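I have a structure here, written as structure tokens, and I will follow up with some questions on it.
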Amino acid sequence: MIPIAKVRCERTAGEQAAYWAGILPATWSFMLAARARGLGAAWTTMHLPYEREMAEIIGDPYEKTTQVALIPVAHTIGVDFRRAPRQPVESVTHWDHW
């Protein structure tokens, strides 16, 4: 699955926040729906350096759109999913100071 925004994103960093806020939750919801159906999905952007070539392959009008991600979807091996190892929240969250 390749989520595609219907406009070409060539905006400043400040303008991009609103731009991405529209498509990222929808893509994440797709991934959650896949998981609820026993499918695994992964968010990757490894194809984006080749976005123009990918657009030609899939018939995407490159000049008018922006590919956001590439979401491979597949059946998983087993169902023993568990949380990924993470840093303690205190090491990445700051209140009233850095």
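The values are calculated or read from the model by the stated rules, or taken from the named source; none is laboratory data. Note that the structure is predicted; figures quoted are calculated from it, not measured. Backbone-built Cβ (ideal geometry, glycine too); neighbour counts: all protein chains shown.
Taking into account only those residues within segment 9-30 that are surrounded by 11 or more Cβ atoms within 10 Å (Cβ to Cβ) and part of a loop (DSSP other than H, G, I, E, B), which is farthest from the chain's Cα centre (by Cα)?
Among residues in segment 9-30 that are surrounded by 11 or more Cβ atoms within 10 Å (Cβ to Cβ) and part of a loop (DSSP other than H, G, I, E, B), the one farthest from the chain's Cα centre (by Cα) is ARG11.
So, one more: Going residue by residue through segment 43-54, is there one that turns out to be at negative phi and touching a helix residue (DSSP H, G or I) at 6+ places or on another chain (Cβ under 6 Å)? Full working, then the answer.
Step one: filter segment 43-54 for residues at negative phi, giving 43-54.
After this cut, where a residue has to be touching a helix residue (DSSP H, G or I) at 6+ places or on another chain (Cβ under 6 Å) as well, the list is 47, 52.
Yes, some residue in segment 43-54 is at negative phi and touching a helix residue (DSSP H, G or I) at 6+ places or on another chain (Cβ under 6 Å).
Considering only residues of segment 36-71 that are surrounded by 13 or more Cβ atoms within 10 Å (Cβ to Cβ), touching a residue at least 24 places away in the same chain (Cβ under 8 Å) and of a type in the set (A, V, I, L, M), which is nearest to ARG8 (Cα to Cα)?
Among residues in segment 36-71 that are surrounded by 13 or more Cβ atoms within 10 Å (Cβ to Cβ), touching a residue at least 24 places away in the same chain (Cβ under 8 Å) and of a type in the set (A, V, I, L, M), the one nearest to ARG8 (Cα to Cα) is VAL68.
If you don't mind, another one. Out of everything in segment 87-98 that is among the hydrophobic types (A, V, I, L, M, F, W, C) and either surrounded by 10 or more Cβ atoms within 10 Å (Cβ to Cβ) or over 24 Å from the mean Cα position of the chain (by Cα) (or both), what residue ends up being modelled with the highest pLDDT?
Filtering segment 87-98 for residues among the hydrophobic types (A, V, I, L, M, F, W, C) gives 89, 92, 95, 98.
Subset that is either surrounded by 10 or more Cβ atoms within 10 Å (Cβ to Cβ) or over 24 Å from the mean Cα position of the chain (by Cα) (or both): 95, 98.
Details: TRP95: 82, TRP98: 72.
Among those that are among the hydrophobic types (A, V, I, L, M, F, W, C) and either surrounded by 10 or more Cβ atoms within 10 Å (Cβ to Cβ) or over 24 Å from the mean Cα position of the chain (by Cα) (or both), it is TRP95.
Mind checking which residues of segment 36-51 are closer than 18 Å to PHE81 by Cα and either outside any helix (DSSP H, G or I) or not small (Gly, Ala, Ser) (or both)?
Step one: of segment 36-51, the residues closer than 18 Å to PHE81 by Cα are 36-43.
Correct list: ARG37, GLY38, LEU39, GLY40, ALA41, ALA42, TRP43.
Taking the conditions exactly as written (of a type in the set (A, V, I, L, M, F, W, C), in contact with a Ser or Thr (Cβ under 8 Å, 6 or more places away or on another chain) and over 14 Å from VAL68 (Cβ atoms)), does LEU39 satisfy them or not? Write out each step before concluding.
Numbers: of a type in the set (A, V, I, L, M, F, W, C): yes; in contact with a Ser or Thr (Cβ under 8 Å, 6 or more places away or on another chain): yes; over 14 Å from VAL68 (Cβ atoms): yes.
Here the answer is yes, as LEU39 does meet what is asked.
Identify, by number, the condition in (1) more than 20 Å from the chain's Cα centre (by Cα); (2) part of a helix (DSSP H, G or I); (3) of a type outside the set (Lys, Arg) that ALA55 doesn't meet.
Going through the list (1) more than 20 Å from the chain's Cα centre (by Cα); (2) part of a helix (DSSP H, G or I); (3) of a type outside the set (Lys, Arg), ALA55 breaks only (1).
Here are ALA33, ALA84, ALA74: which of them is surrounded by fewer than 12 Cβ atoms within 10 Å (Cβ to Cβ) and part of a helix (DSSP H, G or I)?
Values: ALA84 fails: part of a helix (DSSP H, G or I); ALA74 fails: part of a helix (DSSP H, G or I).
None of the others qualify; the one that does is ALA33.
Quick one: is MET1 surrounded by 12 or more Cβ atoms within 10 Å (Cβ to Cβ), assigned to a loop (DSSP other than H, G, I, E, B) and within 15 Å of the chain's Cα centre (by Cα)?
Values: surrounded by 12 or more Cβ atoms within 10 Å (Cβ to Cβ): yes; assigned to a loop (DSSP other than H, G, I, E, B): yes; within 15 Å of the chain's Cα centre (by Cα): yes.
Considered against the rule, which asks whether it is surrounded by 12 or more Cβ atoms within 10 Å (Cβ to Cβ), assigned to a loop (DSSP other than H, G, I, E, B) and within 15 Å of the chain's Cα centre (by Cα), MET1 comes out as yes.
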